[in-house]
């Protein structure tokens, strides 16, 4: 219904060209104050005082105009503008404001009041026009924008995502953070970086702890089964991390102080030169958590990490204004170290991702989207328990090439997408007991090819209760060819899957429809989609077998899913009302029915997991969110709740069947206060420990309160912010030593940029 962007070119950096009637106007130099000097200023949000990019500035009498740059600055050099002329400042997310040129001359800084835009469209990746996106398959969705989180005390992307009522964050003692959605498992959530898959081939999960929110423009959250469009990983949903390619600074520094003597700091650079632009960032940090043993001795859990991100872009040809003919390159590197002195456990990991993304015309296909990505993971793991020592070395490599092409006619739009992936996983496991050693080296190669087709038909109506509707039919085919070799280096050969080749393939189809319109100033949008999905055993699933298992044939089969998803959203905006700004209400009902669900089981004699299939499982859920905006959106109150019925809880360990949250935000003249209360239902699962090697752990229901305080400052070209984040501040009956998501924490963060 509404589309981001502006009439004028947002790519330029704030210098606006003037529309001259003729060269003679410049030579004659007509009268008027504007001929003496132009107007330069900055556009800011009325409440947060953050700068607002891509605002249109327009003089309707003369036709002259410009737009603000990424830093919110504008230069209006209207040669024919008179002091009595009114200039219009307009942006799709803000209420338009008319200001006379004379007043702007006296005070060129402009403050705009944000407005509520119902049902803002979501396109996965910043400007990806040639890939299937959410506008093609209606889903329950939300966007977390940088303006809402960049100056608050969120440590990383996972820390931010847990504020969503449908998302549950899992944090291991090693510091790795994964997220699950709608009661599913972390390996059912597809994590993208600007539309490119980040899930490891090893276990189909992504560690979100090292993604710095300062490098993100926004986070797109797509709930529901999306395997048709995005591949066989998105059983529960999709999270797309959209990086910043344009920034309102050249240099930024950020420092964080936290509990357990922890500290993190980051340095960010950005520069533009003609058609090229680039940025680089570096983040590092460490933490040491004390853990008391039964003997009274104190040990430490030591974590350290560092990450680097380099992004470079080139605008090619003459189509940079609309986002086409654009080449973007990203290089991401992450390193982590963990030392658990209590369990004598050490874990180190290195991850690198390289992405080259071209959007534009080709010599025979026309506009296409071509992406090549390369991922590399290197991880080592050692643990000692009494007379047992286990170690593991892992390398995970993958190269992916994908191509997307869209065709539009008067009747329908058609999108084709194809991809080829070459992956390799090498795993070396060692088991050492008194006088005996067993070692196994496994290597798997995978060739994955996938093709997707999406057909969409749009129906537009005259202004009425129903304004638009769409029908979408999508189909996807995937083929996997796996080649496995095994090398045993021990006297007693452990039992495992025999070496050899395996072939998997499957086709899925999905139907979607959406309707939107307006009734008595209330906007609405409803959607329905259903279809079948399929998920194939990962390379990790296939190499995991316990030592000492009795010899038997072991064979995982693909996991199938039938999904149903219905949602509706209402919104109302009160323009100009002194108290009420608007409200939003959304609710959704879904059901995922699983066949041959792949389940994770812990080996009692090893910290290594293995997997099997269970016949059936299902998750039925109801989700609801509501928001009220007051005082020109200075104050917002939001609440959300989710309820899940999980039939086979062993297949979905440590998942809360009930979650609720309530938050209130106040933004005023650069000050921001966010208070968030949350509740998580009981969770249960199995972990290492106990006399048999496994112990059942039940985490009781839990509720607590987080508070974020922040203030933005600006002195000339220097901007800064200061934030204080208080986590889990209420006293609880239970003490969770080392369970970082439930212990009390305090963060002090400050940053400065130029």
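The values are calculated or read from the model by the stated rules, or taken from the named source; none is laboratory data. Since the structure is predicted, the reported quantities are computational estimates derived from the model, not experimental observations. Here Cβ is always computed from backbone atoms with ideal geometry, including for glycine, and neighbour counts include all displayed protein chains.
For the range 235-271, a tally of residues being crowded, with 19+ Cβ neighbours inside 10 Å and assigned to a strand (DSSP E or B) returns 14.
Conditions (1) assigned to a loop (DSSP other than H, G, I, E, B); (2) closer than 29 Å to residue 186 by Cα; (3) modelled with pLDDT of 85 or more, marked per residue:
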site	(1), (2), (3)
638	no, yes, yes
650	no, yes, no
661	no, yes, yes
684	no, yes, no
697	no, yes, no
719	no, no, yes
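Quick check, is residue 245 over 30 Å from residue 529 (Cα atoms) and modelled with pLDDT under 80?
So residue 245 passes the test.
Residues that are closer than 30 Å to residue 147 by Cβ, in the same structural domain as residue 509 (by TED's automatic domain parsing), more than 23 Å from the chain's Cα centre (by Cα) and without any contact (Cβ under 8 Å) to a residue 40 or more places away in the chain: does the range 581-592 have at least one? Checked the range 581-592: no residue is closer than 30 Å to residue 147 by Cβ, in the same structural domain as residue 509 (by TED's automatic domain parsing), more than 23 Å from the chain's Cα centre (by Cα) and without any contact (Cβ under 8 Å) to a residue 40 or more places away in the chain.
Apart from one condition, residue 274 fits all of (1) in contact with a strand residue (DSSP E or B) (Cβ under 8 Å, 6 or more places away or on another chain); (2) closer than 30 Å to residue 68 by Cα; (3) surrounded by fewer than 21 Cβ atoms within 10 Å (Cβ to Cβ); the exception is (1). The combined condition, being over 29 Å from the mean Cα position of the chain (by Cα) and closer than 19 Å to residue 205 by Cα, is fulfilled by residue 444. Suppose the filter is within 19 Å of residue 115 (Cβ to Cβ), in the same structural domain as residue 382 (by TED's automatic domain parsing) and assigned to a strand (DSSP E or B); does residue 627 pass it? Yes. Checked against the criterion of being at pLDDT 80 or above, in contact with a helix residue (DSSP H, G or I) (Cβ under 6 Å, 6 or more places away or on another chain), under 30 Å from residue 585 (Cβ atoms) and not assigned by TED's automatic domain parsing to the domain that holds residue 522, the range 37-46 has no qualifying residue.
Is there a residue being surrounded by fewer than 21 Cβ atoms within 10 Å (Cβ to Cβ), touching a strand residue (DSSP E or B) at 6+ places or on another chain (Cβ under 8 Å), at pLDDT below 85 and farther than 19 Å from residue 207 by Cα anywhere in the range 294-304?
Checking the range 294-304: not a single residue is surrounded by fewer than 21 Cβ atoms within 10 Å (Cβ to Cβ), touching a strand residue (DSSP E or B) at 6+ places or on another chain (Cβ under 8 Å), at pLDDT below 85 and farther than 19 Å from residue 207 by Cα.
Within the range 277-305, residues that are closer than 15 Å to residue 338 by Cβ reach no partner that is in a loop (DSSP other than H, G, I, E, B) and modelled with pLDDT of 90 or more with beta carbons closer than 9 Å at six or more positions or on different chains. Condition check: modelled with pLDDT of 85 or more and under 30 Å from residue 440 (Cα atoms). Does residue 470 satisfy that? Spelling it out, it is not the case that residue 470 is modelled with pLDDT of 85 or more and under 30 Å from residue 440 (Cα atoms). Residues in the range 183-211 that are at positive phi and out of contact with any helix residue (DSSP H, G or I) (no Cβ under 8 Å at 6 or more places or on another chain): 183, 194, 195. Whether a residue is at pLDDT 80 or above, farther than 30 Å from residue 572 by Cβ and either in a loop (DSSP other than H, G, I, E, B) or in the same structural domain as residue 44 (by TED's automatic domain parsing) (or both) was assessed, and residue 153 does not pass this test. Could you please find all residues in the range 95-145 being within 27 Å of residue 570 (Cβ to Cβ), outside any strand (DSSP E or B) and modelled with pLDDT of 85 or more? Listed by number, the list holds a single entry, 113.
Among residues of the range 473-493 being assigned to a strand (DSSP E or B) and closer than 14 Å to residue 442 by Cβ, the one that is modelled with the lowest pLDDT is 488.
Test each condition in (1) surrounded by fewer than 16 Cβ atoms within 10 Å (Cβ to Cβ); (2) within 25 Å of the chain's Cα centre (by Cα); (3) in contact (Cβ under 8 Å) with a residue 40 or more places away in the chain for residue 405 and report the one that comes out false. Of (1) surrounded by fewer than 16 Cβ atoms within 10 Å (Cβ to Cβ); (2) within 25 Å of the chain's Cα centre (by Cα); (3) in contact (Cβ under 8 Å) with a residue 40 or more places away in the chain, only one is false for residue 405: (1). Selection of first residues in the range 416-436 that are closer than 30 Å to residue 366 by Cβ and of second residues that are in a loop (DSSP other than H, G, I, E, B), restricted to Cβ pairs under 8 Å at least 6 apart or on distinct chains, gives the following pairs, ordered by first then second residue: 417/131; 417/132; 419/231. Summed over the range 171-210, residues that are more than 30 Å from residue 482 (Cα to Cα) and surrounded by fewer than 22 Cβ atoms within 10 Å (Cβ to Cβ) total 4. Would you mind stating whether residue 309 is assigned by TED's automatic domain parsing to the domain that holds residue 418, in contact (Cβ under 8 Å) with a residue 12 or more places away in the chain and not in a loop (DSSP other than H, G, I, E, B)? So residue 309 does not fit the description; no.
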